[in-house]
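**Q** What follows is a single structure, and I will ask about it in a moment.
Every number here is computed from the coordinates shown, using simple stated rules; none is lab data. Values in this document were obtained by computation on a predicted structure and should not be read as measured data. Heads up, the Cβs are rebuilt from the backbone with ideal geometry, glycines too, and the neighbour counts pull from every protein chain shown.
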Amino acid sequence: MSGNEEFLAFLRRNTERYEEIKHLSNRVSRTATRYAEAIYEVVMDDETRALSDHDLVVLCDDGNACFGGAVRSPRDRTVTVAVYTD
């Protein structure tokens, strides 16, 4: 598989995963936009706590997450997620 095919497969997996978890999008709010990143807060409950860090990035970026992201705070009542943008 070429690099481009791998990237397209990655994006497809993100889209498919988002379809599975998009019902949780009401727990996400965008709090800031900075150079090359958007910052979100996610309310933690049993369902969101079960998500992986990558799932949280996918959830915040509506299934895209092509540039990645990172969880920036401990998983307490809320978690801060940075989504990298272009």
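**Q** With label points built 7 Å along Cα→Cβ from the Cα atoms of Asp76 and Tyr35, find their separation and express it in nm.
**A** Using points 7 Å along Cα→Cβ, the separation is 2.9 nm.
**Q** Pairs of Cα atoms under 8 Å, at least six residues apart: use those to get the relative contact order of the chain, whole percent.
**A** Value for the chain: 31 percent.
**Q** Based on Cβ point charges of +1 for Lys and Arg and -1 for Asp and Glu, what charge dipole magnitude is obtained for the chain about its Cα centre, in debye rounded to the nearest 20?
**A** Rounded to the nearest 20 debye, it is 260 debye.
**Q** Here is a follow-up. Against the longest principal axis of the chain, how steep is helix 3-21, in degrees 0 to 90 to the nearest 10, with axes from Cα atoms?
**A** That works out to roughly 40 degrees.
**Q** If neighbour count is taken as other Cβ atoms inside 10 Å, put Arg77, Arg17, Arg30 in order from fewest to most.
**A** With the fewest neighbours first, Arg77, Arg17, Arg30 line up as Arg77, Arg30, Arg17.
**Q** Another question, if that's okay. Give, to the nearest whole percent, the P(r) tail of segment 1-69 beyond 16 angstrom, counting all Cα pairs.
**A** More than 16 Å apart: 48 percent of the Cα pairs in segment 1-69.
**Q** Show that you can apply the helix-only estimate: for the chain, add -39,500 (n - 2.57) for every DSSP H stretch of four or more residues, divide by all residues, and state [θ] at 222 nm to the nearest 500.
**A** Helix contribution divided over all residues of the chain: -10500 deg cm²/dmol.
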